[in-house]
Amino acid sequence: MTLRVPKAELGPEITEVLIEQFGTVPEPLQATWHNRKVAEASQEMGARVNAWDGADEGLKSFAHMAVAALVGCSWCLDVNYFQAQNKNLDLAKASQVPRWRESDVFTPLERDVMEYAEAMSVTPPTVTDELSARLLGALGAAALVEITASIAFANFATRNNTALGVRSQGFSDACEIPLAARAQKPAS
């Protein structure tokens, strides 16, 4: 799949900053830059979400990656795995998020968070009172609210990227452990 909109020109100043930060210009920004207000608001919201510190960073990263795997956003999965390395998160765990149900590396809390991320991401949402109660008991109200909002933002980003045809740019190639492929559903 290729981008469904042409890449917009960002200008030399912002291009230099992005190349310094990521090694390349992220395609989601190139796609959305056609509407600069949308692009800037998306970037600002992403920065704000990343600045929240009331919930465990690993849980939020795994949740975002679980949404990306479910929705099929290879760009979000790729860049979040790369960022997990930069945040000193457990890469062995991060690499297994696409197949979290089959992997034995996750704690019960991590599994609950990824289940919650998926339950929030399907239509209609399938979040249960039992799952919410477990998370509330384990995390507290403030962290649960933060994880919920982070998952909501992950849905915004993954669905936007997927609809615009944004694909992985190979950020995870620099990591030590390859990112696992999502488990395939058996044919019916």
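Below, the figures for the structure above:
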| read-out | value |
| --- | --- |
| Selected from 143, 94, 68 as most flexible by GNM, with the chain as the system and alpha-carbon contacts under 10 Å | 143 |
| nm² value of the averaged projected area, convex hull over the Cα atoms of the stretch 31-86 | 4.3 |
| Gaussian network model of the chain, springs between alpha carbon atoms under 10 Å - residue of 145, 97, 71 with greatest fluctuation | 145 |
| Taking all pairs of distinct alpha-carbon atoms in the stretch 56-188, Kirkwood radius in angstrom | 14.8 |
| Total lysine pairs whose alpha carbons fall under 22 Å of each other in the chain (8 or more apart, or interchain) | 4 |
| Cut-off 13 Å, label 7 Å out along Cα→Cβ of residue 142, residues of the stretch 41-65 by amide N | 52-56 |
| Value of [θ]222 nm, deg cm²/dmol, for the chain, DSSP H segments ≥ 4, -39500 (n - 2.57) each, nearest 500 | -19000 deg cm²/dmol |
| Diffusion coefficient, µm² s⁻¹, Stokes-Einstein with Kirkwood Rh over alpha-carbon pairs of the stretch 1-136 at 37 °C and 0.692 mPa s | 198 |
| Cα-based radius of gyration of the stretch 76-128 once divided by 2.2 N^0.38 Å, which approximates compact folds | 1.21 |
| Accessible surface of the chain, 1.4 Å probe, proportion on carbon and sulfur as whole % | 54 |
| Space enclosed by the convex hull of the alpha-carbon atoms of the stretch 1-75, per residue, Å³ | 116 |
| For residue 2, solvent-accessible area (1.4 Å; no DNA, RNA or ligand), Å² | 110 |
| Accessible area per residue, Å², the stretch 1-109 with all protein chains present, probe 1.4 Å | 52 |
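The values are calculated or read from the model by the stated rules, or taken from the named source; none is laboratory data. These figures come from a predicted structure and were not determined experimentally. Positions of Cβ are generated from backbone atoms using ideal geometry, with glycine treated the same way; all protein chains shown enter the neighbour counts. Note: accessible area is taken over every heavy atom of the protein model, side chains too, but ligands, DNA and RNA are not part of it. Shrake-Rupley method; radii C 1.70, N 1.55, O 1.52, S 1.80 Å.
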